[in-house]
Amino acid sequence: MIVVIGSINMDLVLRVPRMPGAGETLTGSAFRTIPGGKGANQAVACARLSAGSFPAVKVALVGCLGDDAFGDILRAALVAENIDVSQISTMPGVASGIASILVDADGQNSIVIAGGANDLLAPSHIDAARDLIAQARIVVLQLESPLATVEYAINVAHALGKIVVLNPAPAAHLPAALLASVDYLIPNEIEAAMLAGTALGDVVAASAALRAQACRNVLVTRGAKGVHASLADGMHSFAAHSVIAVDTTAAGDTFIGGFVAALAASESVEEGIVLGQRAAAWSVTRHGAQTSIPYRHELPDANADFSRLSTH
Ligand code: RIB
C-alpha cells in the first residue's frame, strides 16, 4: 500500500496570454475548476500509474476537506480512482483548499493557494491514520500541510520502518533532523537551492549539500532539463523527453506518482525515475492537474517520440 499525506485543493484555472504585472488587468480565457492539490495529485498519480500492477497496489490519502460543495466534488474524484478516503476528514464550518492558477501561452503556471481545511491537518489525524500507515510500504508527503504535522507524520512513518518520500513543495527551510528521516527527497531546482543554500541551477552542489545533511537519496526534478539523482551509488542525470508543453501544472506530482508506483511494485529506483519521467512528459501535453495525469496503459514506451503526443 502507498499512503499519501497531504493537501486536497480545487484548482481555479484561467489561461492568460502572459502573466500580469502589478496593478495590471488582463483578459484571460477558458476558466475551469479542476481537482488538484499536491497530496491529492500525487495520490491520483500513484493510483493511475500503479493500475495493472500485480499484485494490485492500494493507495490511501490522509487529509482534510471543508464541508462545502468543493469538498464533495474533491472526495468523489478520489473515490472514482479507488483511493482509500477513510482518513480524509471533513472539517465543519471550514472551506476546502483552493488554488488560483494562471497558465500562460508557453504552458508555464503561477499558483496561489488558500489552504482552508488543509491547514487543519493535525498530529491527531496522523494518530487516527496510524493503522493505515502501518500497512503501507511507502509514505509520501509534501509541504502544503502544517509543518509540525508533516514532521510528526514523518517521524511516525520512519519509526514504523516505512520508505518515506518527501516532496518539499512549496519551498521551505526544513530542520536537518527531519531530512535525516526521509528516504527520497524530491525537490525541484528552486526548492533544492533553498533547502541546500546553494546557487539556483547548481544541482550538483545542492544535491551534495543535501546528502551532507543526511538525506539518503535526492532526486531534483528540472522540467525540460530532466532529473538529477544523487543516490547512494553516486550522481546520475536522466534526460527529459522532448514534448510540446501546454500546461506544466502537476508535472512534478505526476513524476512522483510514477516513481512511487514503480517502487511500490518492487521496481528499481532507475525504473521509477524512467516511469516518472514518461508520465510527467505525457502530463504536460494535457491541461490541468488531475485531468492531465495518465494511466499507465496510456503511456508510450520510453523510446517513443514524445514530441508527437497529441494534445486535447
Ligand atoms: O502541484 C500542482 C498543485 O499545486 C495544484 O494542483 C494546486 O492545487 C497546488 O497545490
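Please say if the range 71-193 is rounded, prolate or oblate, where rounded means a/c under 1.5 for a ≥ b ≥ c the square roots of the C-alpha gyration tensor eigenvalues, and otherwise the choice is prolate for a/b larger than b/c and oblate otherwise?
Numbers: a/c = 1.69, a/b = 1.11, b/c = 1.53.
Judged from the Cα gyration tensor, the range 71-193 comes out oblate (a/c at least 1.5, b/c at or above a/b).
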Exercise for review: Mind telling me which of ARG286, ARG18, ARG75 comes out most flexible in a GNM of the chain, alpha-carbon contacts under 10 Å?
Suggested key: ARG18
Check your understanding: Which percent, to the nearest 5, of DSSP beta bridges fully inside the chain are antiparallel?
Key -> 40
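Could you calculate the FRET efficiency of GLU298 with ALA171 from 1/(1 + (r/R0)^6), where r is the beta carbon distance between them and R0 is 41 Å, rounded to 0.05? Intermediate values should be presented prior to the final figure.
Working: r = 31 Å, r/R0 = 0.76.
After rounding to 0.05, the efficiency reads 0.85.
Which ordering of SER53, SER242, SER207 is given by a fewest-first count of other beta-carbon atoms within 10 Å?
Numbers: SER53 15, SER242 11, SER207 25.
So the residues, fewest neighbours to most, are SER242, SER53, SER207.
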Check your understanding: Between ILE111 and ASN82, how many nm apart are label points set 7 Å from Cα along the C-beta direction?
Key -> 2.6
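Can you sort ASP104, ASP305 by how many other beta carbons sit within 10 Å, fewest first? Walk me through the numbers before you get to the answer.
Details: ASP104 16, ASP305 10.
In increasing order of surrounding Cβ atoms, one gets ASP305, ASP104.
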Point to revise | In order through the range 209-225: 3J(HN,Hα) via Karplus (6.51 cos²θ - 1.76 cosθ + 1.60), integer Hz, x for Gly, Pro | key: 5, 5, 5, 5, 8, 6, 6, 6, 9, 10, 10, 9, 8, 10, x, 5, 8
Review point. Can you list the HN-Hα couplings for the range 270-277, worked out from phi with the Karplus curve (6.51, -1.76, 1.60; θ = phi - 60°), rounded to whole Hz and with x for Gly and Pro?
Key: 4, 5, x, 5, 5, 5, x, 5
Practice item. State the antiparallel share, in %, of DSSP beta bridges confined to the range 1-70, rounding to the nearest 5. Key: 60
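Where a ≥ b ≥ c are the square roots of the eigenvalues of the C-alpha gyration tensor, would you call the chain rounded, which needs a/c under 1.5, or, failing that, prolate if a/b is larger than b/c, or oblate? Write out the running numbers ahead of the final one.
Working: a/c = 1.25, a/b = 1.04, b/c = 1.20.
Rounded, since a/c falls under 1.5.
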Review point. Using the alpha-carbon centroid of each, what span in Å lies between the range 258-291 and the range 64-98?
Key: 25
Check your understanding: What is the order of VAL59, VAL150, fewest Cβ neighbours within 10 Å to most?
Key -> VAL150, VAL59
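Want the number for SER242 to MET19: 0.36 nm per residue separation, take away the alpha-carbon distance, what's left?
Details: separation 223, 0.36 × 223 = 80.28 nm, distance 2.43 nm.
Full extension of this stretch gives 77.8 nm more.
Where both partners of a DSSP beta bridge lie in the range 161-249, what percent of those bridges are antiparallel, to the nearest 5? Walk me through the intermediate numbers first.
On the way: 9 of 14 bridges.
Antiparallel bridges make up about 65 percent of those DSSP assigns within the range 161-249.
Could you tell me the calculated FRET efficiency between THR33 and ARG130, based on Cβ-Cβ distance and R0 = 41 angstrom, to the nearest 0.05?
On the way: r = 34 Å, r/R0 = 0.82.
It comes out at approximately 0.75.
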Exercise for review: Tell me the label-point distance for the pair ALA56, LEU200, using the 7 Å Cα-to-Cβ offset, in nm and rounded to one decimal.
Suggested key: 4.5
**Study point:** Selected from GLU189, GLU270, GLU151 as most flexible by GNM, with the chain as the system and alpha-carbon contacts under 10 Å
**Key:** GLU270
Study note, to complete from the structure: Calc'd 3J(HN,Hα), the range 82-95, phi into Karplus 6.51 cos²θ - 1.76 cosθ + 1.60 (θ = phi - 60°), Hz, glycine/Pro = x, comes to 6, 7, 5, 10, 5, 10, 9, 8, 9, 9, x, x, 10, 7
Revision key, fill the gap. Here FRET efficiency (C-beta to C-beta, GLU270 to ALA214, R₀ 22 Å, nearest 0.05) is 0.45
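Report the net charge of residues surrounding GLU189, where surrounding means a beta-carbon distance below 10 angstrom and charges are Lys +1, Arg +1, Asp -1, Glu -1. Write out the running numbers ahead of the final one.
Numbers: positive: ARG222, LYS225; negative: GLU191, ASP202.
Local charge sum for GLU189: 0.
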Review point. Taking springs between alpha-carbon atoms closer than 10 angstrom, which of GLY23, GLY197, GLY258 fluctuates most in the Gaussian network model of the chain?
Key: GLY23
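Take peptides 113-119, 85-91 and line them up by average Cβ neighbours within 10 Å, highest first, as a rough protection proxy. Provide the component values of the computation, followed by the final result.
Working: 113-119: 21.3, 85-91: 18.1.
Highest mean packing first, the order is 113-119, 85-91.
Mean residue ellipticity at 222 nm from the helices of the chain, using -39,500 (n - 2.57) per DSSP H segment of n ≥ 4 over the full residue count, to the nearest 500 deg cm²/dmol?
Details: 10 runs with 100 residues, N = 312.
That calculation yields -9500 deg cm²/dmol at 222 nm.
Bear in mind these aren't lab numbers, they're just calculated from the coordinates by the rules spelled out. Predicted, not measured: the structure shown is a model, and the values here were computed from it. As a convention, Cβ positions derive from the backbone with ideal geometry for all residues, glycine included, and neighbour counts pool all protein chains shown.
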